[in-house]
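Working notes, beginning with the structure itself.
Quick note: the coordinates plus some simple rules give every number you see, no bench work behind them. On a predicted model such as this, the values are computed, not experimentally measured, just so you know. No Cβ is skipped: glycine too gets one built from the backbone with ideal geometry, and neighbour counts run over all protein chains shown.
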Amino acid sequence: MTKKLKPESLMMSYGYKPALSEGAIKCPIFQTSTFVFQSAEEGKAFFEVAYGLRQPHKGEELGLIYSRINNPDLEILENRLTLWEEADECAVFESGMSAITTVLLEFLKPDDLLLISGPLYGGSDHFINKILTKFNIHVLAFKVGQSKEDIIKMVNDSGLAHKLALIYIETPANPTNDLIDIGGSKEIAKLFSTSEKEVYLAVDNTYLGPIWQHPLRHGADLVLYSATKYIGGHSDVIAGACLGNKGLMRRVKGLRTFLGNMASPNTGWLLMRSLETLKVRMDTHAYNANKVAQFLNHHPRVEKVYFLGNLTEKDGEQFAIKNKQCLTNGGMISFDVKGLEKEAFKFLNALKLIKLAVSLGSTESLAEHPATMTHIDVDDTLKKELSITEKMIRLSVGIENYEDIIDDITQALDSIGN
């Protein structure tokens, strides 16, 4: 029996046949809008499957039709992304937000209830609380630390339990690194499911995926990514992804076709390139983050560090969730400087190696101020409750030499006292 290869080995060639592309060792960019059918009958068959008018025959695959529906670069990329999650299928989008919004629009309808965790990424928070609510979709939020029983009671007390259609969580949470129990969330979804309607669980896995956490293995139905982040990892492409089983992904891909938010062939090619180094990059991100967090934990101008590696048995459920779900401590650190916005801005303005920019998971280290940048639109009272304060800095640790990263942080923290 041939040994099963690991995903990091398969990233170089899986799903690609050089013989179909003049022997090119790397998949070309199929920069085309449409594809030629061999016959009218073939075109008819392709459209029947694409539009869900019939199920594919045994061994039949969806043929190439039009790059809004499918394209070789996207199909190969999607096949490779399924390997990390052991998912049936994947859909790639033009951005993380387009993946998130497509899922929310597909699995929610007016008068449904959406249960969310908090905090969420600012863009997700805005779409859910400012846009979905315009369509009479009800939103109920729970916070880290609430027990499963508390959340169930909250749903029941809302009077909308029978309308619950989707649970959407982000773990670890951006920017606090708070953890949500994926398995526990699925148990809540099952409790409110009926024979007529299943309540699904969607997980934003951008902070740890696809290497360091695998939500599908813990009960999630759908996994979402801003593929701009670690998957892309070079600050040169915007993309998103969604993974799940065939039935759910058929629905996601169907709506993607008609919303037209398919990623381009060029985006697909760039992400395939990035997947080849994903494992080694993410290993370095995690190694460096551990070193940086150790330094921050003992710096006199740092009040608190939000990092998975700081969790201990004293943190109870958070520590237990980390050990159950997370394979590393990740590459994201948030920390509070001693002071307020003035001191936080002094730190950010003094950085030299680390770039002052939003986004995360890229080769270069990035720092930003969540309260006034990525999470500026989150309700002020909620931000305070969630510890997203004026003194918080979010740091995406890159793959530079960790000593150089620490040196830059040192001189920037020293500037606060000047």
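Ranked for footprinting exposure by Cβ neighbours inside 10 Å, fewest first, R281, R250, R394 give R250, R281, R394.
Each of E48, E170 has some number of other Cβ atoms within 10 Å of its Cβ, and from fewest to most they run E48, E170.
Extension gain, L255-R217: 0.36 nm per intervening residue step, less the Cα-Cα distance, totals 11.1 nm. A Gaussian network model of the chain, with springs between Cα atoms under 10 Å, assigns the largest mean-square fluctuation among G361, G96, G254 to G254. Rounded to the nearest 10 degrees, the inclination of helix 40-50 to the longest alpha-carbon principal axis of the chain is 30 degrees. Of the beta bridges in the chain, as assigned by DSSP with both residues counted there, near 55 percent are antiparallel. Straight Cα distances below 15 angstrom link K324 to the aspartates and glutamates D178, D181, E313, D315, with same-chain residues fewer than 8 positions distant left out. Positive end of the dipole of the chain (Cβ unit charges, origin at the Cα centre): among G15, V144, I321, the Cα lying farthest that way belongs to G15.
The fewest-to-most ranking of H375, H298 by surrounding Cβ atoms within 10 Å reads H298, H375. Here's the list of lysines a cross-link from K355 could span, going by alpha-carbon distance under 17 Å and ignoring same-chain residues fewer than 8 apart: K229, K346.
Comparing mean-square fluctuations of Q318, Q31, Q213 from a GNM of the chain with C-alpha springs under 10 Å, the top value falls on Q31. Helix 265-275 and the long axis of the chain differ in direction by around 60°, with both axes built from C-alpha atoms. Considering only D204, D283, D157, the Gaussian network model of the chain with Cα springs below 10 Å gives its largest mean-square fluctuation to D157.
For K4, the aspartates and glutamates whose Cα falls under 20 Å of its own Cα, not counting residues fewer than eight places away in the same chain, are E78, E85, E86, D88, E89, E276. The DSSP beta bridges internal to the stretch 67-275 are antiparallel in roughly 40% of cases.
When only the Cβ of Lys, Arg, Asp and Glu is charged (+1, +1, -1, -1), the dipole of the chain relative to its Cα centre reaches about 400 debye.
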